[in-house]
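Data first, discussion second: the structure below is written as structure tokens.
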Amino acid sequence: MYINGWVPDEGESLIELAQLNEGSLIPESLQPVQYKNADGADVVDLYIDQEEFRAAFAGDVDAETAEVMAVAQRPFTETAFGAASGPVAWRSVPSWYLLGTEDRAIPPATQRYMAERAKASIVEIPASHASMVSQPDAVTELILTAVNATAGQPAARATA
């Protein structure tokens with residue numbers, strides 16, 4: 001199940017996918033924060049600038065909720081964004097993808113490319129990247145569709 005998410009192939013990085021299509025507001029809104037890891041290594045966490053958060057990530061979320069989301073956001077590491085993906089489950093299990101046509105974090109064209117490549121059942125909604133917040137009923141409906149489609153089937157095992 002993918003909700004406006006990344007669907008890398010094995011060996012592919014998120015940065016490669018991020019460069020497929022124009023339209024993301026994330027690159028210009030990222031704020032790097034450097035720190036030392038427990039082992040002394042330099043690490044960079046990436047945050048979305050709080051002033052740009054709503055436009056880049058949660059355009060269809062009310063302003064007050066988006067403000068709370070901006071303050072409470074969890075960072076992602078610069079290293080993780082560039083790391084190659086390991087084995088992928090979508091090659092061996094059915095997938096569903098909720099594609100937000102108003103997403104300004106992952107361009108809709110990039111989402112469509114990844115979802116089609118994974119042979120996912122795609123549902124499009126007019127939503128930002130934060131569709132789980134702005135349109136929870138659509139997210140719930142897609143989850144229930146996936147549950148009903150796979151009910152009674154033996155659990156698939158991802159191949160490594």
Based on DSSP H runs of at least 4 residues, each adding -39500 (n - 2.57), what is the mean residue ellipticity at 222 nm of the chain after dividing by all its residues, to the nearest 500 deg cm²/dmol? -9000 deg cm²/dmol
Given the options Phe53, Ile26, Thr65, identify the residue whose Cα lies farthest towards the positive end of the charge dipole of the range 17-66 (+1 on Cβ of Lys, Arg; -1 on Cβ of Asp, Glu). Ile26
With both bridge residues required to lie in the chain, what share of the DSSP beta bridges run antiparallel, to the nearest 5%? 55 percent
The range 11-82: C-alpha gyration tensor shape, a/c 1.5 cut-off, then a/b vs b/c: oblate
Result for the range 1-118: accessible area per residue, probe 1.4 angstrom, in square angstrom, of 55 Å²
Does the range 56-128 classify as rounded, prolate or oblate by the C-alpha gyration tensor (a ≥ b ≥ c root eigenvalues; a/c under 1.5 gives rounded; else a/b over b/c gives prolate, otherwise oblate)? oblate
How large is the charge dipole for the range 3-160, taken about the Cα centre, if only the Cβ atoms of Lys, Arg (+1) and Asp, Glu (-1) carry charge, to the nearest 20 debye? 740 debye
Leading residue at positive end of dipole, the chain (Cβ point charges), from Ala151, Thr140, Phe81: Ala151
Tell me the relative contact order for the chain as a rounded percent, counting alpha carbon contacts under 8 Å between residues six or more apart. 30 percent
Give the long-range amide H neighbours of Tyr47: residues separated by 5 or more places, or on another chain, with amide H under 5 Å away, using H modelled in the peptide plane at 1.01 Å from N. Gln31, Val33
Take each complete run of DSSP H in the chain, measure how far its Cα atoms stretch along the helix's own axis, and keep only those covering 15 Å or more with mean Kyte-Doolittle hydropathy at least -1.0; list them. 136-150
For the range 77-160, listing chymotrypsin sites (Phe, Trp or Tyr not before Pro) in a DSSP loop whose Cβ sees at most 14 other Cβ atoms within 10 Å gives none
Ratio of Rg to Rh over the range 33-160 (Cα coordinates, Kirkwood Rh, two decimals): 1.03
Which is the longest stretch in the chain that no exposed loop site breaks, taking sites as trypsin sites (Lys or Arg not before Pro) with a DSSP loop state and at most 13 other Cβ atoms within 10 Å? 1-118
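The values are calculated or read from the model by the stated rules, or taken from the named source; none is laboratory data. The model shown is predicted, which means the values in this text are computed figures rather than measured ones. Note that we place each Cβ from the backbone using ideal geometry, even for glycine, and neighbour counts take in every protein chain shown. When the accessible area is computed, the model is the full protein with side chains, heavy atoms only, and any ligands, DNA or RNA have been set aside. Shrake-Rupley method; radii C 1.70, N 1.55, O 1.52, S 1.80 Å.
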